[in-house]
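Sending over a structure as structure tokens; questions will come in a sec.
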Amino acid sequence: MRVGLVAGETSGDQLGAGLIRELRELDADLQCEGVAGPLMKAEGCEAWESADALAVMGLIEPLRKIPSLLRLRRMLLRRWVEQPPDVFVGIDAPDFNLGLEKKLRCRGVRTVHYVSPSVWAWRQGRIRKITKACDKVLCLLPFEKKFYDAHGVDSVFVGHPLAESMPKNADMFAARRELGIHSELVVAVLPGSREGEVSRLAGPFAAACRKLLDLHPNLTFVAPMASAGLRLIFEKHLSSAGIAGSVRLTDGNAPRAIIAADVVLLASGTATLQAAILGKPMVCAYRVATLTAVIARTFRLMKTPWFSLPNLLTPEPLVTELMQENATPEKLCSAVSALLDDPERRRQIAAVFAELRAELSKDADRIAARAVLQLAGRAATAGGPA
């Protein structure tokens, strides 16, 4: 079986690698090709382009990359029209993948979109595009399937791979020993995995850490950096805040830093779900380009009061969210300090997050692989492209 894949950035690469691994268990003759990251390539995917090429977000920010993204999409379409795969799987990156899926589907290729776009939260009109583009949507979150069922879109709730891949019953003190940390209190700081978000949040995060040290002299910070380039950006802001020597920077391994922490200060994104699955209370911030924020507010594009995943999944919101101009050093410091000063609140949050982890643990890679294989089988039976 031949599978075409396009994965967007690091999280898509992780999902793609798990999917490929399980597909190969079900079909030893599997061939995979497309846009892939290092994890997918390690599982045998032929990479025509790196997943980093799709690491853009927002309404305005991607504009400067439109020419290169259009060239990439034309190249992929040409190759897959000439040699159609049995099934195409677009992993996240909906603004790129949905258009490609629609064109491939019109040419007889079965299409899967893995990771539901946040149509339940904003830009709900995209459901019409999804209906035309996808034969099946693979949902990571339980409420997403209910949304698609209401709109007549074939979907499967697969659970979230993070719920299975994150360490269980992780030892906080062992993680601290590995990091060489001996402080009574630890805060993990994750300013993001994209250059734009790190550039916007590094300054407020560094200044908040400075203020937290004044309140908690026995506090240690650990900050896992997603890349060398992002590390340089964050180091610059730490130096400006005068705390370059007070923050332990590591290359990657965000889970270990989160496990070691009492509280996590982080950018909105997949890391919030990582922290929740690992049972850690957190303060979540986000800043987008000013014009993006103005457009979103003017046209009321947001359809949910929360932007962090844990708050959308628990019975009541447990994550402090600070968006745009509210993501100030003062407010970030106050929110983190309140959690540091309240061990009982931290235990309560951890207990609710443990229930959330159980709900999301569904063996996502295997369920997703079976759904893809089933769709490819239907295509072959129906005389579709082989």
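Residue under question is Ala376, and the condition is that it be in the same structural domain as Arg105 (by TED's automatic domain parsing), in contact (Cβ under 8 Å) with a residue 60 or more places away in the chain and part of a helix (DSSP H, G or I); does it hold?
Criteria met by Ala376.
Yes/no matrix, rows are residues, columns are (1) without any contact (Cβ under 8 Å) to a residue 12 or more places away in the chain; (2) part of a helix (DSSP H, G or I); (3) not polar (S, T, N, Q):
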position	(1), (2), (3)
Glu330	no, yes, yes
Ser334	yes, yes, no
Ala350	no, yes, yes
Leu356	no, yes, yes
Glu359	no, yes, yes
Lys362	no, no, yes
Asp365	no, yes, yes
Arg370	no, yes, yes
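Then there is this: State whether one or more residues within region 3-20 are modelled with pLDDT of 90 or more, farther than 21 Å from Thr111 by Cβ and small (Gly, Ala, Ser).
Checked region 3-20: no residue is modelled with pLDDT of 90 or more, farther than 21 Å from Thr111 by Cβ and small (Gly, Ala, Ser).
Inspect all residues belonging to region 40-63 and state whether any of them is touching a Cys at 6+ places or on another chain (Cβ under 9 Å) and assigned to a helix (DSSP H, G or I).
Yes: one or more hits.
Between residues in region 119-136 that are modelled with pLDDT of 75 or more and residues that are part of a strand (DSSP E or B) and of a type in the set (Ser, Thr, Tyr), which pairs lie under 6 Å by C-beta distance while being six or more apart or on different chains?
Cys134/Thr111; Asp135/Thr111
Still on this structure: If you take the residues of region 94-151 that are in a loop (DSSP other than H, G, I, E, B) and charged (D, E, K, R), which of them is nearest to Leu70 (Cα to Cα)?
Here the answer is Arg107.
For region 160-175, enumerate the residues that are within 8 Å of Ile259 (Cβ to Cβ) and in contact with a helix residue (DSSP H, G or I) (Cβ under 7 Å, 6 or more places away or on another chain).
If the condition is that a residue be within 8 Å of Ile259 (Cβ to Cβ) and in contact with a helix residue (DSSP H, G or I) (Cβ under 7 Å, 6 or more places away or on another chain), then Pro167, Ala170, Met172, Ala175 are the ones that fit.
On to the next question. Taking Ala163 as meeting all but one of (1) out of contact with any Asp or Glu (no Cβ under 9 Å at 6 or more places or on another chain); (2) over 23 Å from Glu82 (Cα atoms); (3) part of a helix (DSSP H, G or I), write down the number of the exception.
Of the numbered conditions (1) out of contact with any Asp or Glu (no Cβ under 9 Å at 6 or more places or on another chain); (2) over 23 Å from Glu82 (Cα atoms); (3) part of a helix (DSSP H, G or I), the odd one out for Ala163 is (1).
Could you please give the count of residues in region 77-93 that are surrounded by 23 or more Cβ atoms within 10 Å (Cβ to Cβ) and outside any loop (DSSP other than H, G, I, E, B)?
The qualifying residues number 5.
When region 190-246 is examined, which residues are found to be closer than 17 Å to Ala335 by Cα and of a type in the set (Lys, Arg)?
Arg210, Lys211
Quick one: would you say Arg370 is at pLDDT 95 or above, outside the structural domain of Val264 (by TED's automatic domain parsing) and of a type in the set (D, E, K, R)? If you could, list the steps in order and put the result at the bottom.
Numbers: at pLDDT 95 or above: yes; outside the structural domain of Val264 (by TED's automatic domain parsing): yes; of a type in the set (D, E, K, R): yes.
Spelling it out, Arg370 is indeed at pLDDT 95 or above, outside the structural domain of Val264 (by TED's automatic domain parsing) and of a type in the set (D, E, K, R).
Can you report the number of residues in region 94-117 which are within 14 Å of Leu375 (Cα to Cα) and surrounded by 19 or more Cβ atoms within 10 Å (Cβ to Cβ)?
Count: 6.
The values are calculated or read from the model by the stated rules, or taken from the named source; none is laboratory data. Since the model is a prediction, treat every value here as computed from it, not as a measurement. Quick reminder, even Gly has a Cβ in these numbers, built from the backbone with ideal geometry, and neighbours come from all protein chains shown.
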